[in-house]
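Following: one structure in structure tokens, then a few remarks.
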Amino acid sequence: MRPDTLARHLVAITAAHRAAGHQLDTRAAAIRETLTGIKRTHGTSQLAKAPAVIADLKAMIEGQPDTLAGLRNAHCFSWGSPVRCGATFASVNCSEKTPLALLAFD
């Protein structure tokens, strides 16, 4: 069981104790130290990933198909965020896949 799942179970146990009229202090030192030890031993830290450099971005853009979806994806890669390019893509004339932002780094 993962530590975050165990923490959710602890919340449910606390709620059940309160519903039954009992008190359970989850901030007690014994409970906090036990959970900290479990997280330290069995924790799931995120693996760091290397950032996408200009060569990676160019390869991702050039690998897109010559379809509307491929042009949309290339546009999003060139701007760095699909949120920033989502609604305005219809007004962008994409005649080629090389974004202007990447040409400055050549």
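Coordinate-derived values only; no laboratory data. Because the structure is a prediction, the values reported are computed rather than measured. Note: ideal-geometry Cβ built from the backbone for every residue, glycine included; neighbour counts use all protein chains shown.
Evaluating 6.51 cos²θ - 1.76 cosθ + 1.60 at θ = phi - 60° for every residue in the stretch 9-15, the Karplus couplings come out as 5, 5, 5, 5, 5, 4, 5 Hz, glycine and proline recorded as x.
Applied to the stretch 32-37, the Karplus parametrisation 6.51 cos²θ - 1.76 cosθ + 1.60 on θ = phi - 60° returns per-residue 3J(HN,Hα) values of 4, 5, 5, 5, 4, x Hz, with x for Gly and Pro. So who's got an amide H within less than 5 Å of the one on Q64, skipping anything under 5 residues away but keeping other chains? H placed 1.01 Å off N, in plane. Correct list: empty. Ordered by the number of other Cβ atoms lying within 10 Å of each residue's own Cβ, fewest first, R27, R2, R72 fall into the sequence R27, R2, R72.
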